Structure formats: C-alpha cells, structure tokens
Amino acid sequence: MIEPLCCERVEIALGDYLEGDLPPQLRMRVESHLAACPECWREVQKLRHTVTYLADLPRRRMPQYLKESLLRAHRNDRSTRSLQVGSGLLPLSQGS
C-alpha cells in the first residue's frame with residue numbers, strides 16, 4: 001500500500017502539480033490527498049485562480065531606469081557575497 005501524503009508534503013508539491021511536472025505516481029498521491037482534504041483542495045483552487053488572474057494581466061515593459069537599478073543591486077549583492085565567502089569573514093582590523 002502506498003503511504004498517503006500529509007498536507008505539508010502536498011503543499012510542497014503544489015507548484016509542480018499545477019504545472020503538470022510531477023511523476024505519475026506522485027501526482028496520483030497528491031490527487032488522492034486533495035480528494036480527501038478540503039483545506040488543501042481550497043488551496044489548489046486559490047492557486048489556480050491566482051495563476052489565471054496573473055496570466056490575464058496586461059504585460060508592461062519595465063522602465064529602463066528600474067531595470068538598470070535592479071541589475072546594479074544584483075551585481076553588488078553578488079560581489080558582496082563572493083567577498084564574504086572569499087575572505088572567510090575576517091575582521092576588518094586584520095591588516096595585510
């Protein structure tokens with residue numbers, strides 16, 4: 001007998017379930033849980049509604065200034081993280 005899934009495991013799998021990306025056996029286990037759990041079923045319905053709503057929104061181009069700002073922030077964040085990892089988080093008081 002296949003062990004039933006708990007709500008937490010189903011919640012983790014919902015994105016892949018809605019995208020149709022679950023292996024068949026796991027998909028059947030999720031569907032079995034959804035058939036027996038009204039709370040998880042409502043969650044799936046809310047997610048489906050949200051996906052449909054977002055897909056229907058008009059697409060707009062991001063303003064260039066915002067795009068540049070986000071890219072700059074991303075680059076700064078990446079370089080800061082690599083400095084932290086590369087330096088081993090040594091105190092600033094240690095000289096070269």
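Values quoted throughout were computed directly from the atomic coordinates according to the rules given, and no laboratory measurement underlies them. As the structure is a computational prediction, the values presented were derived from the model and not from experiment. As a convention, Cβ positions derive from the backbone with ideal geometry for all residues, glycine included, and neighbour counts pool all protein chains shown.
How big is D, in µm² s⁻¹, for segment 7-56 by Stokes-Einstein at 37 °C and 0.692 mPa s if Rh is the Kirkwood radius over C-alpha pairs? Can you show the working numbers first?
On the way: Rh = 11.1 Å.
Estimated via Stokes-Einstein, D reaches 296 µm²/s.
Between I12, S32, T50, whose Cα lies farthest towards the positive end of the dipole of segment 1-56 when Lys and Arg beta carbons carry +1 and Asp and Glu beta carbons carry -1, centred on the Cα centre?
S32
Simple spin-label model, 7 Å along Cα-to-Cβ: M62 to K46 in nm?
2.8 nm
For segment 7-56, give the magnitude of the charge dipole about the Cα centre (Cβ charges: +1 Lys/Arg, -1 Asp/Glu; no others), in debye to the nearest 20.
Values: 6 positive and 9 negative charges, 30 e Å.
That gives a dipole near 140 debye.
Highest first, please rank the peptides 63-74, 7-18 by the mean number of other Cβ atoms sitting within 10 Å of their residues. Please list the in-between numbers first.
Numbers: 63-74: 9.8, 7-18: 14.5.
Packing order, densest peptide first, comes out as 7-18, 63-74.
Provide the gained length on full extension for the span S69 to S32, in nm with one decimal, where the gain is 0.36 nm per separating residue minus the Cα-Cα distance.
Values: separation 37, 0.36 × 37 = 13.32 nm, distance 4.63 nm.
Extra length from S69 to S32 when fully extended: 8.7 nm.
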